[in-house]
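All remarks here apply to the structure that follows.
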Amino acid sequence: MKTISVGELRQNPTAALDAVEHGETFIVTRHRREIGLLTPLPRRRPVTADDYRAMIAATPVDASWTEELRADRDEFGEGRTA
């Protein structure tokens, strides 16, 4: 882990932020005292089709769910037939 002073960060923020974007973490110091951490956000993994299938399979479904859905559709006019 690298260390960067507030002054260095102020003078060239682009270089530090580019490094963070590529996974580097910095300890930020002021007057040689650690004051913060500049770190990349965790990468979000996209949901795959297999992930989605697993979520659906793990979702409990019972008869009352169907009735709730039908009542909601009727309430909003989507379940009506002409």
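Being surrounded by 15 or more Cβ atoms within 10 Å (Cβ to Cβ) and over 13 Å from Pro40 (Cα atoms) is the filter here, so list the residues in the stretch 6-28 that pass it.
Of everything in the stretch 6-28, those that are surrounded by 15 or more Cβ atoms within 10 Å (Cβ to Cβ) and over 13 Å from Pro40 (Cα atoms) turn out to be Glu8, Leu9, Val28.
Given the structure, is Ala57 aliphatic (A, V, I, L, M) and modelled with pLDDT under 95?
On the way: aliphatic (A, V, I, L, M): yes; modelled with pLDDT under 95: yes.
The answer is yes for Ala57.
With in contact with a Ser or Thr (Cβ under 6 Å, 6 or more places away or on another chain), among the β-branched types (Val, Ile, Thr) and free of Cβ contacts under 8 Å to residues at least 24 places away in the same chain as the only criterion, which of Thr48, Thr39, Thr14, Thr29 stands out?
Values: Thr48 fails: in contact with a Ser or Thr (Cβ under 6 Å, 6 or more places away or on another chain); Thr14 fails: in contact with a Ser or Thr (Cβ under 6 Å, 6 or more places away or on another chain); Thr29 fails: free of Cβ contacts under 8 Å to residues at least 24 places away in the same chain.
Answer to the check: Thr39.
Would you mind listing the helices (runs of 4 or more DSSP H) fully within the stretch 1-67 where at least 2 residues are over 25 Å from the mean Cα position of the chain (by Cα) and of a type outside the set (A, V, I, L, M)?
Numbers: elements: 6-11, 13-21, 49-58.
Output list reads 6-11.
Give the residues of the stretch 29-71 that are surrounded by fewer than 11 Cβ atoms within 10 Å (Cβ to Cβ), hydrophobic (A, V, I, L, M, F, W, C) and touching a strand residue (DSSP E or B) at 6+ places or on another chain (Cβ under 8 Å), sorted by residue number.
Passing the criteria: only Leu37.
The values are calculated or read from the model by the stated rules, or taken from the named source; none is laboratory data. Just so it is clear, the structure is predicted and the values come from calculations on it, not from any experiment. All Cβ positions, glycine included, derive from the backbone under ideal geometry; neighbour counts span all protein chains shown.
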